Amino acid sequence: MTLSLLSLLSRDLSALWLLLKTRTDEIMHHDISPLCAADIQDQLQKRFAYLSGGRGQDGSPVITFPDYPAFGDVPDKEFQNVMTYLTSIPSLQDAGIGFILVIDRRQDKWTSVKASILRIAASFPANLQLVLVLRPTGFFQRTLSDLAFRFNRDDFKMKVPVIMLSSVPELHSYIDKSQLTEDLGGTLDYCHSRWLCHRTAIESFALLVKQTAQMLQAFGTELAETELPNDVQSTSSVLRAHTEKKDRVKEDMRLALDEGRSVLESIREPLAQGPEQNPNQDQLDSQSTVQRLLAQLNETEAAFDEFWAKHQQKLEQCLQLRHFEQDFREVKAALDVLAQKITTFTDVGNSLAHVEHLLKDLASFEEKSSAVTQRARTLALEGERLMELTHYAVDSIRPKCHELRQLCDQFAADVGRRRGLLGRALDLHSLLEASMKWCDEGIYLLASQPVDKCQSQDGAEAALQEIEKFLETGAENKIQELSKIYQDYEPILTRDLLEHVQKVFRKQESVEEMFHRRQASLKKLAAKQMRPVQPVAPRPEAPTKSPCPSPGIRRGSENHSSEGSVLRRGPYRRARSEASEGRQGRGRSTGDEESLAVLRRHVMNELLDTERVYVEELLCILEGYAAEMDNPLMTHLISTGLQNKKDVLFGNMEEIYHFHNRIFLRELENYIDCPELVGRCFLERMEQFQVYEKYCQNKPRSESLWRQCSDCPFFQECQKKLDHKLSLDSYLLKPVQRITKYQLLLKEMLKYSRSCEGAEDLQEALSSILGVLKAVNDSMHLIAITGYEGNLSDLGKLLMQGSFSVWTDHKKGHAKVKDLARFKPMQRHLFLHEKAVLFCKKREENGEGYEKAPSYSFKQSLNMTAVGITENVKGDARKFEIWYNAREEVYIVQAPTPEIKAAWVSEIRKVLTGQLQACREASQHRALEQSHSLPLPAPTGTSPSKGNTKNVRKLEERKTDPLNLEGYVGPVPLPRPPEKGRGWSKTSHPSEAPEDNDGWSSAEEPVNSSDAEEEGRVGLRKLVPGKYTVTGLDEKGSPDALALRSGDEVELVQEGDEGLWFVRNLSSGGEGWLPAHNLSSLLGQRGAPGCLSSPESSAGSALLSASSSCSESCAAALADLQG
C-alpha cells in the first residue's frame, strides 16, 4: 500500500514536472532579436530610417528613409545595426514577402541620392520587393537625376526594381495613403519616440519572461531531484527552504505579470483615445506578442502551482512521518523503561505496613506512568489519522500503532498482575499480624491473670471462662491450616515469607499449648475445692484491666511498678499441687521474656510505622511544594520574594529524604524480627545523621522566608491540591521533630532490652543520637555569632557552649583598670573550642519563631595555648577562674549550677591535658638525647659511686622506655605534690595531682596557680631543675667547690643522690655538684627562675605555649633543654 501510494505520488509529480518544463521551454525557445532597442537606442533616435507600420498592397512592410541631410555621415556600423533591427521586427511571414523602401530625397542633391541608393543596396540585410525614391524637386537636380539615372542605370542594378518618383502623388499609386505617414502625404499616425518606448518595453518584458521561465525550470529541477530526509530537523529545514524559494519565485512571477499588463496598457492607450484611430499592423503585432507572453506566463504559473502543491504535500507527509517515527522511538523507549521497572517490583513485603507502603508506591508509579501510556495511545490515534488521510507510508505507520497499543496493554496487565500479588500479600500479612496480635494478647492475658485468685474455685472458673472466651476469637484471627496457606499464597511465598509464616504458626501453636495447659490446670482447680496456696508474687498495686496494644500508651503510663509486678508474676504460675518449684520458675522466666518481647515488638512497630509516615510526608512536601516551584504552570503564583529561593525554604530536605527512603528505612525493616538489635542500625548510619545539622542551621532563614511569603497564592494552591489541613511551615518542622523522636524510642527499646544481646549497642546508639542532638543545638548557637572577623572553623571543634556570669580582673593593666574591676558581673555566652574560648554577649531579637532566637555579639577570644584555670574559687561552688598569659587577665566565671561548672572544668582539663601530652611527645626525644651529655660527679666526690651507678641505670631505663614521660626531667623521681593548696607546684604532674588540685595552665610563666600566691604556700624550698639568680653569699663552700656570688645566674641541671645538685654557673662558666641545703639558702625563700623571661629560654616557653603544656614541670624540663 505504501509503495503504491508513493509511486502514484511520484508519477503525479513527474507528469506535472514535464508540463512545467514544456511551458518554460516554449518561452525560452521564443526567438528574441539579437539586437534590442535598448542596445541601439541612440542610433534609433537619429531617425535616418524608421518602420512606421505601413504595409504595401501585398502586405509588404514599409521602411521609410526620411530626408536626413547627414545620412552620408552615419557610420556603416550604425547603419547596419539599424537596418538589422528594423528588418527583425515584422513577423517572419511579412518579412518573407519582402520590404518596400521609401527613400525621400526631395530636398537633397542627386549625388546624395546616388550615394544613399548605393549604400542601401550594398548593406540591406533582408529581402527587398520595391525601392521607391522621391527624387529632388529642383529643376536642375531633377533633370540631372533623370539623365544620370538613365546613363548610370547599370550602377543601380538590384534584385528589385528602383522607381524614381517625381512627386508624392506618384508614391500614392504604389502605396495607399493610409499606409504612409503625414510627411509623405499619408494619414498613418506614427510617433517615433512612442514607437521606440513601446519597443523597449516589449523587449524588456520578453526578456523578463524568459528569465522567469529559466528560474522556474531550475527550481522545478531542484524540487524534482530532492530526496526525502530521514529526520525531523532535516525535513523541516528542506520544507522551510523550499517554501521560501517558492515565495520568491511567485513574487518574481507576479512582478513579471504586472509588467506585461503595464506594457499591454501602454500599447492600447493610443487606440483608446478615439474610435477613428485604427491600429497599424506593427501595433497589432506588438499587442499580440505581449498577450502571447502573458498567456504563456499564466500557464507556466498554473503548472508551477500544481507541481508545488504536490511537492509540498509530499514534504509535509514526510515531515509528519518523521515526527511520528521520532515520537514512536521516544514513547517506545519510555514504555521499555516502565516495563523494565515493573519487572524489578518483586518485593511482596515483610509486614502489613510494608505491603501497604508497596501498594502506595505501585499506585504512585502507575500514576506517574499514566502520562507515558496516555502519550502512547494518543500517538497511536495520530498514526491512524494519518492512515485515513491516505499517507504514502501506511505500511510503516500501521505496525507501529499496533506495537504501541500492545505495549500499553502489556504494561497495564503487568501492573494489574503486580497489584493482584500485593493484594494477596496484604491478605496474608493481615492474617499473620492478626495471628501475632492474637498471640500477644493471649500471652498478655495469661500474664495478667492474678495467681492468688485462681486458687479458689470461683476464681478458677472465672479465669477459665475468660480463657475460653478468648479462644473463641481465634477462629477469625488464627492460621487454621498451614497447607492451605501454602496452596492459597504459593505465588508470593518467598523464602523469607515462608519462614515468617512458619514462625508465626509455631508461635500460635505454642500459645495454644500454653492455653491448653492453663485450661487443664484451671479445670482441675474448678472441679474440686482446694485450700489456696500462698502466692509467691506480690499483689499488683493496680490490676491491669486489658491488654494495651499501643506501645505509645503503655510508654506514657507512669505506673511502672504495676507493670513490672504483672510481668514478674508470669503466666505460668501454678498451684503447688500441679507443678514443682523448678517448673514454676521456668514458667515465670518464660512469661517475663515473652512479655518483654511483645513490648519490644510494639516499640519496633511504632519506630517503623512512624518512619514510613515520616518518609511519606517528606516525599509529599518535595513533590507537592518543592517540585511545583519549578513548574512553569505555577510560576505566575510565585511572588517575587520567593523566586529562586527553593534551597532557602526547603534546605537539604531532599538529601534527608533520600537517606531515609533509600537507606535507613530499608535497613530498619531488616530488624523487624529482632528489634533488640536495632541499635546497630543506628550506629552504622550515625555519620549520615549529620545531614540534620545542616537542615537545622538553615531553619532560621527558612522560617524568615516563610513569614515573609506565607500568604503567597502558590502555597495556598499547593495546600489545596494536597488536601492538607496544616500549612507548609508545620511540615517543615518534621525533620526537627523526627531527629528528637529517635532518642525517645531508643530509650524505650533499651528499657525492655536490658538483658538482651543488643543492649550495649542500644546504649551506644542512644548516646550517639544525643550527641547528634547536642551538635545540632551547638551549631544553631554557633551560626548566631556576629562580629568575629576570623573563620570559626579554624578554632577546631565546638566542645561546649553556655551562658555565664563573668567578672574580670586585669592585674597587669593600668591602675585605673584595676580600680575599675567589675563588682557587677557581665552576662556572657561562652563557646569552648579546641583552640580557643570565645566570650560573646547574648542579644535577644524581637520577632516570632526563629526570628526571636538570640544572636551573640563577639567580645573576646582567648587562645587555649595561653589559658590556665583555677577549679575552685572561695565562697561559691559554682565559680571557677579562666586566666590568660600568667594571670595577666583573669576571668571569674559563675555557672548556673555546680554540675555545669564541673562539666566545663572537666572539658577544659581534657583540652589542656591533650596539649600537655602533645608537648611531651614533641620534646621527649630531644630530652632523652640531651640527658646523654650530662656530666656525673666523681666517685671520690661528695656522692658515693653506688649512687652514681644507680643514677646511670635509672637514666638508661628512662632513655629506653618511650612511655616514661618523666624521663627527660632527671634521674630522680618527681616529688609528691604539696598537701595544701589548690594550685599545682613546679614539681607537680597532672596524672599525680590529688582531687583538690585544681590549678591548670598553659600560660608562659612558671608559676600559674593563683592559689599559690594567695595562700603564701612555700613551694620553692623543694628545688627543681631550672635557672635561678643567686641572692646570698656562699660562705660555707670548700676551696674546691663551685664558687657562687650574689647576682650570678645559675642553672640547676640534675639532682643526684645524697642531696646533691649538679649546678652550672652561667655567669662564670663553672659547674659542679653542690648540696641542696646550701642552694636553698643561696637562692632564697622564693626562686627567681628565668626560664621563660630570659632571652635564652624564650624558645622553651614558645614550645610550651604552642604545645599547650599544662604543668610547670614541663616548663622546667623545657628550660633545662634550652639551657
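The values are calculated or read from the model by the stated rules, or taken from the named source; none is laboratory data. Just so it is clear, the structure is predicted and the values come from calculations on it, not from any experiment. Quick reminder, even Gly has a Cβ in these numbers, built from the backbone with ideal geometry, and neighbours come from all protein chains shown. Only protein heavy atoms, including side chains, enter the accessible area calculation; ligands, DNA and RNA are left aside. Shrake-Rupley method; radii C 1.70, N 1.55, O 1.52, S 1.80 Å.
Observations
- Failed item, numbered, when residue 380 is tested on (1) open to solvent by 20 Å² or more (accessible area, probe 1.4 Å); (2) of a type outside the set (Ser, Thr, Tyr); (3) part of a helix (DSSP H, G or I): (1)
- Only one entry of 693, 703 meets the criterion of being out of contact with any strand residue (DSSP E or B) (no Cβ under 9 Å at 6 or more places or on another chain), part of a helix (DSSP H, G or I), of a type in the set (D, E, K, R) and open to solvent by 40 Å² or more (accessible area, probe 1.4 Å), and that entry is 693.
- Of the residues making up the range 190-234, those that are assigned to a helix (DSSP H, G or I), farther than 21 Å from residue 37 by Cα and open to solvent by 40 Å² or more (accessible area, probe 1.4 Å) are 214, 215, 218, 221, 222, 224, 233, 234.
- Odd one out for residue 373 among (1) β-branched (Val, Ile, Thr); (2) free of Cβ contacts under 8 Å to residues at least 60 places away in the same chain; (3) in contact with a Ser or Thr (Cβ under 9 Å, 6 or more places away or on another chain): (3)
- Qualifying residue in the range 585-599 (condition: modelled with pLDDT under 90, open to solvent by 30 Å² or more (accessible area, probe 1.4 Å), farther than 30 Å from residue 758 by Cβ and basic (Lys, Arg)): no
- Count - residues of the range 336-358 that are in contact with an Asp or Glu (Cβ under 9 Å, 6 or more places away or on another chain) and open to solvent by 70 Å² or more (accessible area, probe 1.4 Å): 1
- Among the residues of the range 34-73, just one is polar (S, T, N, Q), surrounded by fewer than 21 Cβ atoms within 10 Å (Cβ to Cβ) and in a loop (DSSP other than H, G, I, E, B), namely 57.
- Sole exception among (1) under 18 Å from residue 653 (Cβ atoms); (2) open to solvent by 30 Å² or more (accessible area, probe 1.4 Å) for residue 687, by number: (1)
- Against the numbered list (1) among the β-branched types (Val, Ile, Thr); (2) more than 25 Å from residue 788 (Cβ to Cβ); (3) at pLDDT below 90, residue 897 comes up short only at (3).
- Single unsatisfied condition, residue 515 versus (1) open to solvent by 30 Å² or more (accessible area, probe 1.4 Å); (2) touching a Gly at 6+ places or on another chain (Cβ under 9 Å); (3) not charged (D, E, K, R): (1)
- Residue match in the range 843-850 (condition: open to solvent by less than 50 Å² (accessible area, probe 1.4 Å), modelled with pLDDT under 85 and under 30 Å from residue 695 (Cα atoms)): yes
- If you go through the range 862-919 and keep only what is over 45 Å from the mean Cα position of the chain (by Cα), assigned to a helix (DSSP H, G or I) and surrounded by 18 or more Cβ atoms within 10 Å (Cβ to Cβ), you end up with 866, 901, 905, 916, 919.
- Comparison of 1030, 1018 shows that the only residue that is more than 60 Å from the chain's Cα centre (by Cα) and modelled with pLDDT of 75 or more is 1030.
- If you go through the range 235-265 and keep only what is open to solvent by less than 60 Å² (accessible area, probe 1.4 Å), within 28 Å of residue 324 (Cα to Cα) and touching a residue at least 12 places away in the same chain (Cβ under 8 Å), you end up with 235, 236, 238, 239, 242, 243, 246.
- Of the residues making up the range 814-825, none is closer than 28 Å to residue 894 by Cα, at pLDDT below 90, buried (at least 16 other Cβ atoms within 10 Å of the Cβ) and in contact with a Phe, Trp or Tyr (Cβ under 7 Å, 6 or more places away or on another chain).
- Filtered by the rule that a residue be acidic (Asp, Glu) and surrounded by 14 or more Cβ atoms within 10 Å (Cβ to Cβ), the range 385-421 gives 395, 403, 414.
- Checking each residue in the range 657-673 for being without any contact (Cβ under 8 Å) to a residue 12 or more places away in the chain and not charged (D, E, K, R) picks out 658, 670.
- With respect to the conditions (1) open to solvent by less than 80 Å² (accessible area, probe 1.4 Å); (2) modelled with pLDDT under 80, residue 269 falls short on a single one, namely (1).
- Any hit, the range 23-32, residues being open to solvent by 40 Å² or more (accessible area, probe 1.4 Å), in a helix (DSSP H, G or I) and either among the hydroxyl-bearing types (Ser, Thr, Tyr) or modelled with pLDDT under 55 (or both): yes
This table checks each residue for (1) open to solvent by less than 30 Å² (accessible area, probe 1.4 Å); (2) touching a Phe, Trp or Tyr at 6+ places or on another chain (Cβ under 8 Å); (3) in contact (Cβ under 8 Å) with a residue 24 or more places away in the chain.
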residue	(1), (2), (3)
77	no, no, no
80	no, no, yes
83	yes, yes, yes
86	yes, yes, yes
93	no, no, no
97	no, no, yes
102	yes, yes, yes
117	yes, yes, yes
122	no, no, no
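Matching residues to (1) farther than 30 Å from residue 602 by Cβ; (2) touching a residue at least 12 places away in the same chain (Cβ under 8 Å):
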residue	(1), (2)
286	yes, yes
289	yes, yes
293	yes, yes
309	yes, no
320	yes, yes
353	no, yes
